[in-house]
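**Q** My questions all concern the structure below.
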Amino acid sequence: MQTQLAPEYAHTADGLAAEAILRKCVHCGFCTATCPTYQLLGDELDGPRGRIYLMKQVLEGHEPTRKTQQHLDRCLTCRNCETTCPSGVDYGHLLDIGRKLVDAKVPRPATEKALRWALKEGIPSPLFGPAMALGQMVRPLLPASLKAKVPPKQDAGTWPTRTHARKVLVLAGCVQPSMAPNINSATARVLDAAGIQTVVAPKAGCCGAVKFHLNDQDGGKAEMRANIDAWWPYVQGEGSDGGVEAIVMNASGCGVTVKEYGHILQDDPAYAAKAQRISALTRDLSELLPTIVEALQTSAPALADRIRAHSPTLALHPPCTLQHGQKLKGGIEQHLGALGFNIRTAMNEAHLCCGSAGTYSVLNPELAYQLRDRKLGHLGELGSEVIVSANIGCVTHLQSGTQTPVRHWVEVLDAALYDARGI
């Protein structure tokens, strides 16, 4: 797609990066077939191809409008279009640039601006945990719209105390410790059973995705730099907890962001090289499943038979940040299946977003809940006893629309290990 950059963008990093991405687009429209918002709304401008045209116009000097902003806002950033694009258009990075340029020229209404500020400042804040605890105390009294965002209080269980030669860092996350603390402790217990020690850097915080995707890109980058600083001694092998072999993410939304630190901070002279190193070390927890499965099968040869006989049937919702953002597909099903779990994905639209998409379900609830119910309908056809996913946002969002338990897959594996081996 030929683009003539306006003078204000012609020699900027954003302008040149966007132009390079746009040149790959052949406006074939394959992306519209897999775009959730296009399927719901049927509007060309609410699909990737239409949004690309809008961003192209802005880059060529056309003045964006409030409608331009809304069409970009309605994108889930699920990146399904990247999976189906035959030309390799880097749509997600183009959208980050487009939203930044449009927001610089189109003021938002005061109420919308206030909500976005509350989300980007509140979610990564140390006050989020106490606020969530208060919400859980009064949860029965909350209106349905708020109750959907406040899961019941969860027992995290114990953190393993054994030490191992193999160590990995795990990011606790900003919302997971208060909304679903068992995910982190279950991760540590499963890795411990596989002979791997889980280390948490105390000063690591939000991965930066919340602020970055709400167009506070400077704030998001500051959080990324803080995490790099917190992790660097462990990466370099300094101190008793040094020498980690990987940085493991058990929330795929965080994982896709940390894997892109190298791209996002590539122009930062102080952090570019470190960011590349951090991204190269980052693994989604599912990428450790081959190692976990091998260790468990070696230590307990009868484990798969026990799991096969006693574990619930599972329906998997693979998050967009896992299958499209990180390009990881099929691993959870394959390796949990090897351990004896009866796990299946939906026969229809397994590739589509559930509507959670970070803060999307708060900012665009009508579309988010349509996508949630559509996803739950397909998962319900499997008749499974438990729905599993790999991202806290997806787990919470799906659970708000069903009585079927929705859990992180590592929690189910942890429970099966406890039942089968008493660990």
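**Q** Does A148 satisfy being open to solvent by 30 Å² or more (accessible area, probe 1.4 Å), over 28 Å from A18 (Cβ atoms), modelled with pLDDT under 95 and not β-branched (V, I, T)?
**A** So A148 fails the test.
**Q** So which residues in region 157-190 are crowded, with 18+ Cβ neighbours inside 10 Å and hydroxyl-bearing (S, T, Y)?
**A** Selection gives S178, S185, T187.
**Q** Being at pLDDT 95 or above, within 14 Å of P181 (Cα to Cα), touching a Leu at 6+ places or on another chain (Cβ under 9 Å) and aliphatic (A, V, I, L, M): is that true of V395 here?
**A** no
For (1) surrounded by fewer than 19 Cβ atoms within 10 Å (Cβ to Cβ); (2) among the aliphatic types (A, V, I, L, M); (3) at pLDDT 95 or above, each residue gets a yes or a no:
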{"site": "V256", "(1), (2), (3)": "no, yes, yes"}
{"site": "E260", "(1), (2), (3)": "no, no, yes"}
{"site": "D267", "(1), (2), (3)": "yes, no, no"}
{"site": "Q276", "(1), (2), (3)": "yes, no, yes"}
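**Q** So if I check each of P312, P365, P301, which one is surrounded by fewer than 21 Cβ atoms within 10 Å (Cβ to Cβ), more than 30 Å from H213 (Cα to Cα) and touching a residue at least 12 places away in the same chain (Cβ under 8 Å)?
**A** The conditions single out P312.
**Q** Against the definition (more than 22 Å from E411 (Cβ to Cβ), free of Cβ contacts under 8 Å to residues at least 24 places away in the same chain and assigned to a helix (DSSP H, G or I)), how does A230 come out, yes or no?
**A** no
**Q** Among the helices (runs of 4 or more DSSP H) contained in region 258-320, which hold 1 or more residues that are more than 18 Å from A415 (Cβ to Cβ)?
**A** Answer list for region 258-320: 261-264, 272-281, 289-299.
**Q** Consider region 325-341. How many of its residues are in contact (Cβ under 8 Å) with a residue 40 or more places away in the chain, closer than 21 Å to V412 by Cβ, part of a loop (DSSP other than H, G, I, E, B) and open to solvent by 40 Å² or more (accessible area, probe 1.4 Å)?
**A** The number of residues fulfilling the criteria is 1.
**Q** Further question on the same structure: Say whether the condition of being under 24 Å from L265 (Cβ atoms), in contact with a His (Cβ under 9 Å, 6 or more places away or on another chain) and touching a residue at least 40 places away in the same chain (Cβ under 8 Å) is met by at least one residue in region 56-66.
**A** No, because not a single residue in region 56-66 is under 24 Å from L265 (Cβ atoms), in contact with a His (Cβ under 9 Å, 6 or more places away or on another chain) and touching a residue at least 40 places away in the same chain (Cβ under 8 Å).
**Q** Could you name every one of the helices (runs of 4 or more DSSP H) located completely within region 349-423 that has at least 1 residues being closer than 23 Å to G47 by Cα and over 18 Å from the mean Cα position of the chain (by Cα)?
**A** Correct list: 365-380.
**Q** While we're looking at this one, here's another question. Would you please list the contacts, defined by Cβ atoms under 6 Å and residues six or more apart or on different chains, that run from a residue in region 252-279 that is in contact (Cβ under 8 Å) with a residue 24 or more places away in the chain to a residue that is open to solvent by 60 Å² or more (accessible area, probe 1.4 Å)?
**A** Taking only residues 6 or more apart or on different chains, the pairs are Y271/R225.
**Q** Scan R372, R407, R344 and give me the residue that is closer than 21 Å to A148 by Cα and open to solvent by 50 Å² or more (accessible area, probe 1.4 Å).
**A** Answer to the selection: R407.
**Q** Please count how many residues of region 161-216 are touching a helix residue (DSSP H, G or I) at 6+ places or on another chain (Cβ under 7 Å) and assigned to a loop (DSSP other than H, G, I, E, B).
**A** Qualifying residue count for the region: 19.
**Q** Turning to a different aspect of this structure: Quick check, is G50 more than 19 Å from Q370 (Cβ to Cβ), open to solvent by less than 40 Å² (accessible area, probe 1.4 Å), modelled with pLDDT under 95 and over 23 Å from the mean Cα position of the chain (by Cα)?
**A** no
**Q** Hey, another quick one. Could you check region 37-47 and list, in sequence order, the residues that are open to solvent by 60 Å² or more (accessible area, probe 1.4 Å) and among the hydroxyl-bearing types (S, T, Y)?
**A** Across region 37-47, the qualifying residue is only Y38.
**Q** For the structure I just gave you, tell me whether R23 is surrounded by fewer than 16 Cβ atoms within 10 Å (Cβ to Cβ), in contact with a Ser or Thr (Cβ under 8 Å, 6 or more places away or on another chain) and either modelled with pLDDT of 95 or more or not acidic (D, E) (or both).
**A** Taking the combined requirement at face value, the residue satisfies it.
**Q** Could you identify the single residue in G135, G219 that is in a helix (DSSP H, G or I), within 25 Å of K113 (Cβ to Cβ) and modelled with pLDDT of 95 or more?
**A** Checking each option against the conditions leaves just G219.
**Q** Let me ask you something else. Among the residues of region 196-204, are any at pLDDT below 95 and of a type outside the set (A, V, I, L, M, F, W, C)?
**A** yes
**Q** Among the residues of region 13-30, which ones are in contact (Cβ under 8 Å) with a residue 60 or more places away in the chain and small (G, A, S)?
**A** Within region 13-30, A13, A17, A18 meet the criteria.
The values are calculated or read from the model by the stated rules, or taken from the named source; none is laboratory data. Keep in mind that what you see is a predicted model, and the values were worked out from it rather than measured. Every residue, glycine as well, gets a Cβ built from its backbone with ideal geometry; the counts of neighbours run over all protein chains shown. These accessible areas exclude ligands, DNA and RNA; they are computed on the full protein's heavy atoms, side chains included. Shrake-Rupley method; radii C 1.70, N 1.55, O 1.52, S 1.80 Å.
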